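The values are calculated or read from the model by the stated rules, or taken from the named source; none is laboratory data. Just so it is clear, the model here is predicted, and its values are computed rather than measured. With ideal geometry, Cβ positions are generated from the backbone for all residues, glycine too; neighbour counts draw on all protein chains shown. Note: areas computed on protein heavy atoms with side chains; ligands, DNA, RNA excluded. Shrake-Rupley method; radii C 1.70, N 1.55, O 1.52, S 1.80 Å.
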Amino acid sequence: MECLFGIQGDKFALLVADTSQVQSIVVQKTEEDKIMLLDSHKLLGTIGENGDRVQFSEYIQKNILLYQFRNGIPLSTAAAANFTCGELAHALRKNPYFVNMMIAGYDSEEGPSLYYLDYIATLHKVKTGALGYGAYFVLSLMDKYYSKNMSLDAALDLVDKCILEIKTRLMGAPPNFVIKIVDENGARELAWRKTVEDINGPRPTPSTPIERSLQLLIIVDGDNASEAEGQVTSAPCFLQISPSVFEGKKGQGQAPVMSELSMGLLGSPKRHQRILASKQECLGGEAVRTEETFDDL
């Protein structure tokens, strides 16, 4: 349920996008920034398929910067919008990108400008615009409350009205939004509207008998791997190398070499697992310690 909308005001333009990254029914992130800085005075907001969105926006950003480095002058906002439209239209005939975009910029002569660009390369210069599911709810609010050359405070008040309407009316509404502005001072992040926070807790530690099923020490000498010692407990379905010691002579193992071991597990003679041991480069005979857990193959 992605949302992207923009407002052009008096000597500034705003872009607002949700920050949720969703795959199927799973919310993977709630702090994904979907508004990219194309250069010092341009913003590109994108929504759509995650892979297409990231790849196409980075492609546009790098080519706009490349033009500036080669020619010594930046593209105007109109030129950047038409270049983006041309690339999207060209890809539409070959390998289409399922992305919808809004481009905001500020030029010293033209002032602020805002462009609407959808996935079939339809380009329009607008004063207000919206894309995604949120557009069904915010376009009417913009028609009612938008005024030409509105102030920044009035524009932010309208943004808050739009976000509130999306959260109230849209099923599965995204919880967080990022607001970015471009004006004569450049493009930058202005504010966030957050409802939830991404929390990254500590990694779980092995505590069950299954997770502690096998302690195996492997010595890698040259290109050969051999089992030095092992301890098997009652659970035969998991392997853990904790720690693994890899040793190599100086000058050997310039590239990682995969060695493979097969062994039967106690209590399950017909089942076996493969242990992949990567030989690491070690200078001066120094040991490299790693800890990995291998699931049942």
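Numbers for the structure displayed
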item	result
Those trypsin sites (Lys or Arg not before Pro) in segment 139-192 that DSSP places in a loop and that have at most 12 other beta carbons within 10 Å	LYS148
Charge dipole (segment 1-78, unit charges on Cβ, about Cα centre) - positive-most of ILE73, THR30, THR46	ILE73
Segment 56-176: relative contact order as a whole-number percent, Cα under 8 Å and 6+ apart	15
Surface accessible to a 1.4 Å probe, SER40 within the full protein complex, Å²	80
Dipole moment magnitude, nearest 20 debye, segment 1-138 about Cα centre, only Lys, Arg, Asp, Glu C-beta charged	280
Exposure ranking of TYR106, TYR119 by accessible area [1.4 Å probe, largest first]	TYR119, TYR106
Flagged links, alpha-carbon separation over 20 Å, of LYS125/LYS148; LYS34/LYS62; LYS94/LYS127; LYS144/LYS180	LYS94/LYS127; LYS144/LYS180
Descending principal axes extents, segment 1-133, alpha-carbon based, whole Å	46, 35, 24
Loop GluC sites (Glu not before Pro), segment 46-134, which have at most 11 other Cβ atoms in a 10 Å radius of their Cβ (DSSP)	GLU109, GLU110
For segment 103-191, average projected area of the Cα convex hull in nm²	6.6
Rounded to the nearest 20 debye, dipole of segment 69-205 from Cβ charges on Lys, Arg, Asp, Glu	460
Cβ-placed point charges (K, R +1; D, E -1), dipole of segment 120-196 about Cα centre in debye, nearest 20	200
Accessible surface of THR168 - all protein chains present, 1.4 Å probe, nearest 10 Å²	90
Average Cα contact separation per residue, segment 1-132, under 8 Å, 6 or more apart, as relative contact order %	30
